[in-house]
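The values are calculated or read from the model by the stated rules, or taken from the named source; none is laboratory data. This is a predicted model, so every value here is computed, not measured. Glycine gets a Cβ as well: all are built from the backbone with ideal geometry, and neighbour counts include every protein chain shown. Only protein heavy atoms, including side chains, enter the accessible area calculation; ligands, DNA and RNA are left aside. Shrake-Rupley method; radii C 1.70, N 1.55, O 1.52, S 1.80 Å.
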Amino acid sequence: MKNSKNIYELLNQVEFNIDDYEKVELSDIEKKKLKQRFKEGRRKRLDFKKLGAITAALALTIGVFSQTSVGKSVYASAQSKITEISYSIGRALGIERNIEPYENIVNQIVENKGVEIKLTGVIIDKDELILSTIVNTNKPVDGFFFDYDIYINGKKLRDYGMTGSSGAIDDSKTIFFTANSFDVKGIDLYETLDIKVVLKNLHYYLVGESDEEIKGKWEFEFTASGNELATTSYTLPLDYSFDIDNTTYILEEFRYNPVNQKIFGKLKNQSTDSYQVDLRGHDNLGNEVIFFLTSVSGEELVFKYENIYGDLADEITSITLTPYAAKLPEESGRMSNDYKQVGEEFTIILK
């Protein structure tokens, strides 16, 4: 509606005394109807001849409605640019199969310092919490990240690892998706957990310019469970090891479900040198497969399947892998990418 004014601008042009009207309480049904009218109002052209007659009543209704928690939610949604934008957590993770049944839907929007964040969904897996968000930076940026505080059942996570991905949803360079995975040891998949996520201090950058920071806080509270995913998870014992220098990598368990495919193990005699270690190979259908070393915590390690070649097919019956390693630079800099085979081929038989 190029020539139509914003409804709130029109209301500001009308004088009325709110004390002249009787305050009324809306029923739940009335609130839902009003919420629907707000949605419909964005799609219909306003009749300005009738506007004068309804403005005072509408303003009164907005005033009463906005005092309720539902009203605040509707008002926030009406103002937000990202309310109607959706981006599935599977797509954000690069997973092709449908993983919506395992997602806990949140869809909460918080705005602070002009930046909007919608926490869309959460997935809970063994030792992992996955968060999916949509971010409106309200100014063009080339990239960004937040600091995180995460609480589970009132206890703050400390010394956790995190991996993630993000990308632009449109060409404006202001609307982005993110998907971040946090290491959460000992999480009970079958329990309904009270979770609080606090995003703090947006750090963003533009190519050719210095990084900038917006100090703010975006806080979300919700409950979630990993029960649905746990019922479709399977584990297989492994008995395989290989050595890099004097360090022994022991692979003990393969765990797989529709969201994640991981190999768990341990390190013995850790050296001061660091390596990027991949498990590369193929499945019995000939598709390429690669697991990256994504987590090392004390003696515990985790290799995670990365679907750069697509999802692992449901029809496969075995995976054959070989370990390769490249030494990481002692100081920051580009990796040599000089991978060398560091162990013999081994096969995981899926049951």
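Of all residue pairs spaced 6 or more apart or on separate chains, those with beta-carbon atoms under 9 Å, a first member in the stretch 321-344 that is among the hydroxyl-bearing types (Ser, Thr, Tyr) and a second member that is at pLDDT below 85 and open to solvent by less than 70 Å² (accessible area, probe 1.4 Å) are Ser336/Pro329. Identify the residue in the stretch 187-201 that is part of a strand (DSSP E or B) and β-branched (Val, Ile, Thr) and, among all such residues, is surrounded by the fewest Cβ atoms within 10 Å (Cβ to Cβ). Filtering the stretch 187-201 for residues that are part of a strand (DSSP E or B) and β-branched (Val, Ile, Thr), the one surrounded by the fewest Cβ atoms within 10 Å (Cβ to Cβ) comes out as Val198. Scanning the stretch 145-168 turns up no residue that is out of contact with any helix residue (DSSP H, G or I) (no Cβ under 8 Å at 6 or more places or on another chain), in contact (Cβ under 8 Å) with a residue 12 or more places away in the chain, open to solvent by less than 10 Å² (accessible area, probe 1.4 Å) and part of a loop (DSSP other than H, G, I, E, B).
Per the listing Ile134, Ile95, Ile82, the residue uniquely open to solvent by less than 20 Å² (accessible area, probe 1.4 Å) and assigned to a loop (DSSP other than H, G, I, E, B) is Ile82.
For the stretch 244-265, the candidate set comprises residues that are more than 28 Å from Tyr102 (Cβ to Cβ) and without any contact (Cβ under 8 Å) to a residue 40 or more places away in the chain; within that set, the residue that is most open to solvent (accessible area, probe 1.4 Å) is Asn246. For Ser241, the test of being in contact with a Phe, Trp or Tyr (Cβ under 8 Å, 6 or more places away or on another chain), surrounded by 16 or more Cβ atoms within 10 Å (Cβ to Cβ), of a type in the set (S, T, N, Q) and within 23 Å of Tyr102 (Cα to Cα) is failed.
Of the residues that sit in the stretch 169-186 and are among the polar types (S, T, N, Q) and in a loop (DSSP other than H, G, I, E, B), which one is nearest to the chain's Cα centre (by Cα)? Looking at the filtered set, the residue picked out is Thr174.
From (1) open to solvent by 80 Å² or more (accessible area, probe 1.4 Å); (2) assigned to a loop (DSSP other than H, G, I, E, B), pick out the condition that doesn't hold for Ser271. Only one criterion in (1) open to solvent by 80 Å² or more (accessible area, probe 1.4 Å); (2) assigned to a loop (DSSP other than H, G, I, E, B) is unmet by Ser271, namely (1). Consider the stretch 98-131 and keep the residues that are assigned to a strand (DSSP E or B) and of a type in the set (D, E, K, R). The one that is surrounded by the most Cβ atoms within 10 Å (Cβ to Cβ) is Lys118.
Does Ser210 satisfy the criteria of being surrounded by 15 or more Cβ atoms within 10 Å (Cβ to Cβ) and either farther than 23 Å from Leu93 by Cα or touching a Leu at 6+ places or on another chain (Cβ under 9 Å) (or both)? Criteria not met by Ser210.
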